[in-house]
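I have placed the structure first, in the form of structure tokens, so that the comments after it can refer back to it.
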Amino acid sequence: MVAQIIDGKAFAARLRERVGEQAAKFEGLAGRKAGLAVVLVGEDPASQVYVRSKHKATVAANMESFEHRLPAETTEADLLALVDQLNADQTVDGILVQLPLPAHLDEKAVIASISPDKDVDGFHVTNAGRLAVGQSGFVPCTPMGCMMLLADRLGDLSGLEAVVIGRSNIVGKPMAQLLLDANATVTIAHSRTKDLAGVVKRADIVVAAVGRAEMVKAEWLKEGATVIDVGINRLPPEPGADKGRLVGDVDYAGAQSVAAAITPVPGGVGPMTIAVLLRNTLIAAYRNEGLDLPDGAL
Ligand code: NAD
């Protein structure tokens with residue numbers, strides 16, 4: 001068997017295009033653009049790159065991007081005051097506070113201060129609760145993106161065995177909820193799981209969200225499994241190179257001869273995250289204006 005490559009980059013580009021079309025329609029209906037506010041505190045280089053690409057993608061999708069860059073020494077009171085102001089601003093549909101925050105700021109308190117109806121990252125406990133009980137809210141972007149790739153690839157997931165490796169609040173847990181909602185039989189594996197190889201062996205769907213380079217071995221996989229690799233890990237540089245290669249949590253080369261389909265790293269799950277963020281922002285905008293997004297538009 002030679003695994004098919006699940007092209008997340010192309011899928012994400014198509015999703016961004018659909019969002020852009022619907023965002024232009026939204027502007028016609030509402031008389032304003034859908035707006036995403038991104039707050040960055042401090043100068044973490046990786047966060048700066050993420051914020052810049054979110055800004056570019058937002059503008060390219062016919063939406064308004066409001067950037068708020070605050071110094072690293074910003075007080076929690078000042079940050080909470082900004083979030084309050086964004087909560088009240090009718091032109092802001094989505095609010096994203098880029099994590100991690102500097103150590104003196106309480107991430108939980110800051111996320112809790114975002115209006116759940118503008119929480120397009122889906123990190124607020126209200127949205128986690130909505131997902132848990134099957135109410136519509138906002139689902140974290142990365143697992144939502146994984147789910148879209150799986151639905152596109154496999155259609156109905158009913159009765160399939162799914163194993164999610166990792167139990168973080170932003171990837172593993174919401175991923176498991178989404179799979180459960182889609183009627184898969186779901187196992188969440190984590191750092192204390194005994195016989196991880198044995199658990200993975202029974203999975204028709206494997207979602208790896210650990211953060212350990214090539215940890216999931218080809219021989220752990222069931223023949224014909226569909227593999228979604230969320231991990232982003234940089235290997236040590238080869239002699240003479242200044243940067244190491246990016247790899248996922250799965251032995252990609254080995255998995256090729258066992259899996260039916262697999263996402264590459266980079267170019268698989270990664271590009272889906274921003275595309276889903278834009279989608280969530282547009283949904284927030286339609287909801288905030290009391291408008292219905294056309295069925296199946298996104
Ligand atoms: P995290 O560190 O919060 O969680 C990792 C999880 O892996 C934990 O729940 C832990 O129990 C589990 N784990 C650790 N060691 C393990 C082991 N030996 N066996 C089994 N499970 C083990 O990480 P996260 O935020 O969920 O991110 C996971 C990975 O996904 C990282 O590589 C991150 O960079 C990547 N990620 C990518 C995107 C994207 O593509 N846009 C978004 C978020 C995270």
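Derivation of every value follows stated rules applied to the coordinates shown; laboratory data play no part. On a predicted model such as this, the values are computed, not experimentally measured, just so you know. Using ideal geometry, Cβ is built from the backbone for each residue, glycine included, and neighbour counts are taken over all protein chains shown.
Some notes on this structure:
- When you restrict to C-alpha pairs under 8 Å that are six or more residues apart and normalise by the size of the stretch 131-226, the relative contact order lands at 28 percent.
- Across the chain, the mean sequence separation of Cα contacts (distance under 8 Å, 6 or more residues apart), normalised by length, yields a relative contact order of 23 percent.
- Here the scattering of the chain is modelled by Debye summation over its C-alpha atoms, one equal scatterer each and no solvent; at q = 0.09, 0.13, 0.16 Å⁻¹ the log10 of I(q)/I(0) is -0.46, -0.94, -1.33.
- Evaluated on the stretch 93-207, the Kirkwood hydrodynamic radius is 15.2 Å, with distances taken between all distinct Cα atoms.
- Where N is the number of residues in the stretch 165-287, Cα Rg divided by 2.2 N^0.38 Å: 1.15
- Our helix-only sum for the chain, with -39,500 (n - 2.57) per DSSP H run of n ≥ 4 divided by its residues, gives a mean residue ellipticity at 222 nm of -12500 deg cm²/dmol.
- Euclidean distance between Cα centres, the stretch 220-238 to the stretch 1-50, Å: 24
- Rounded if a/c under 1.5, otherwise prolate or oblate - the stretch 1-64, Cα gyration tensor axes: oblate
- For the stretch 201-298: relative contact order, % (alpha-carbon pairs under 8 angstrom, 6 or more apart): 26
- The chain: angle of helix 76-88 to the longest principal axis, Cα-based, in degrees nearest 10: 80
- The angle separating the long axis of helix 172-181 from the principal Cα axis of greatest extent in the chain is about 80 degrees.
- Radius, Kirkwood style, for the stretch 193-237 when every pair of distinct Cα atoms is counted (Å): 11.2
- The stretch 66-132 and the stretch 138-199 have their alpha-carbon centroids 26 Å apart.
- Local electrostatic count at VAL139 - Lys and Arg +1, Asp and Glu -1, tallied over other residues with Cβ under 13 Å: 0
- Normalising by residue count, the stretch 1-116 has a Cα convex hull of 143 Å³ per residue.
- Label-to-label distance, ALA46 versus LYS243, with points set 7 angstrom from Cα along the beta-carbon direction: 1.3 nm.
- Proximity of backbone amide H atoms, modeled 1.01 Å from N, is registered between ALA189 and VAL164, ILE165, GLY166 at under 5 Å, excluding neighbours fewer than 5 places apart on the same chain.
- Degrees separating the helix 141-154 axis from the principal Cα axis of the chain, which is the longest one: 50
- Local electrostatic count, LEU277, Cβ distance below 11 Å [Lys/Arg +1, Asp/Glu -1]: +2
- Distance violations [Cα-Cα > 21 Å] among LYS33/LYS173; LYS56/LYS173; LYS9/LYS217; LYS194/LYS217; LYS9/LYS56; LYS33/LYS56: LYS33/LYS173; LYS56/LYS173; LYS9/LYS217
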